[in-house]
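Structure first, commentary second.
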Amino acid sequence: MATMADLDELAMAMPQTTKEVGDDGRPSYLVHGKRYLIHRRRRPDAVDPQTGERLDDVLMFRVEDLGMKELMLADARGLYFTTSHFDGYPAVLVRIPDLARFDLGELGDLVAEAWLTRAQKRLASAWLEEHGETGPS
């Protein structure tokens, strides 16, 4: 079961990652000044279907492309979702309580794949080679 502390540790372990924390305590993780993982503020596009309240517990992960996004959204576990705000944008959303449904390896892969979408090619290639991988899956 993964937690926000695990997510923070995994993100900060990625090369050249920096963390920005807003006045509200919500972190964003960046590589080369580009965000790849964000704890979103309450937004009108993400509401609780039962109460209509804006969700306060949404994480946004960049993904490789729209095809990968569609594959993730089709995951039968229902961990990933999107909103109309992200139509045509390569990102998926995850609610913080659902982190507990990820094992650490899977969450690590999600963080690494998000990081790979924003890292400079040379840095990404070096990281992939070091980890015996060929690219985002």
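Computed from the coordinates by the stated procedures, all read-outs in this text should not be read as laboratory data. As the structure is a computational prediction, the values presented were derived from the model and not from experiment. Positions of Cβ are generated from backbone atoms using ideal geometry, with glycine treated the same way; all protein chains shown enter the neighbour counts.
Overview of results
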| item | result |
| --- | --- |
| Net charge of Cβ neighbours under 11 Å - reference ARG43; Lys, Arg +1; Asp, Glu -1 | +2 |
| Cα gyration tensor of the chain - equivalent ellipsoid semi-axes, whole Å, descending | 24, 17, 14 |
| Kyte-Doolittle at least 0.0, axis length at least 15 Å by Cα - qualifying DSSP helices, the chain | 104-116 |
| Only Lys, Arg (+1) and Asp, Glu (-1) charged, at Cβ; the range 97-137 dipole about Cα centre in debye | 280 debye |
| Estimated [θ] at 222 nm from DSSP helical runs (n ≥ 4, -39500 (n - 2.57)) normalised by residues in the chain, nearest 500 | -8500 deg cm²/dmol |
